[in-house]
Amino acid sequence: MDRLPTRRELRAAEEAKAVRPRRDSATRTLATPAPRLSPAPVGRSRRTKAANAVVMTFVTGLVGVMAIPAYAAGSSLEHTSTAEGASLQDYSAANAQVVTADNASSAPVEEEGFTATSVADLNAQRAEAERAALAEQRRTQLASTAVSYTGASATQLAQNPIYQGTSASGVAAVARQYLGVPYVFGGGSPAGFDCSGLVKYVFAQFGLNLPHSVRAQHNAGTVVSREDARPGDIVVWNDFSHDGIYTGNGIFIDAPKPGDHVKERPIWSTNVHFVRLLG
């Protein structure tokens, strides 16, 4: 009599049947290319996810640890920058007060000096412009009569002077009448003057018959200092190359050179001396 299988044996046989088709199916699946695109086994996927979770946890913790010192450092730097900024503002404010005080004390002095200089320059320019305008006016007036002058000569005037007395200041006024007369070498009349010819003709009207020579005119008078010079004295170059009639304040009237005309202008040289002919 055959022995009946036990429940355990039956269960084992059923499990064996169930396992066998799965192996065949797995074998067939592995034999085709399709399994290469299939997802990884469940167990491996779970291990990968677990590893990723561990890595993310570690990274998150690391970032947190690094962020704490950075935040602390940022707060410290911000506090330090604020403190330094406040100190810098205090320092700048203190220095600005010192600079302002210095500027306030020095500004009036500079302004006063600049104003005084500017006024002097303007006055000098105005006086020069007036002299130039007067000379041009006189030159125009005398242009038509100078060439054809037929009046008295210097010698004749000295014998019959127009002006009586010895007023030196009057000499400067008479000399201004000839502003604009052209320079003529050797000239001694309103038709044209050279430097000593002008001096001779002007003083002849006061009764002085001077030589027509710079050196001789120097010898005819008395030398005076620059400080004592007054209008009506003659200005003589130390080398006797030129002379003219002093009108005061460093200005004189002269007949300069060929191509020019009688004009009133500043004495441009320091190598001069002054000679007094009248009183």
I'd like to check something: does region 192-199 contain any residue that is under 15 Å from ARG276 (Cα atoms), touching a residue at least 40 places away in the same chain (Cβ under 8 Å) and surrounded by fewer than 22 Cβ atoms within 10 Å (Cβ to Cβ)? no
Looking at region 239-255 only, could you name the residues that are out of contact with any strand residue (DSSP E or B) (no Cβ under 6 Å at 6 or more places or on another chain) and part of a loop (DSSP other than H, G, I, E, B)? ASP239, PHE240, SER241, HIS242, ASN249
Might you check whether a residue that is crowded, with 16+ Cβ neighbours inside 10 Å, acidic (Asp, Glu) and more than 21 Å from TYR163 (Cα to Cα) occurs anywhere in region 227-242? no
Got a number for residues in region 123-143 being loosely packed, with under 15 Cβ neighbours inside 10 Å, hydrophobic (A, V, I, L, M, F, W, C) and at pLDDT below 65? 1
Give me the residue from region 169-191 that is aromatic (Phe, Trp, Tyr) and buried (at least 19 other Cβ atoms within 10 Å of the Cβ) and, out of that set, nearest to PRO231 (Cα to Cα). TYR178
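The values are calculated or read from the model by the stated rules, or taken from the named source; none is laboratory data. Bear in mind that the values here come from a model prediction, so they are computed numbers and not experimental data. So basically every Cβ, Gly included, is an ideal-geometry build from the backbone, and we count neighbours across all protein chains shown.
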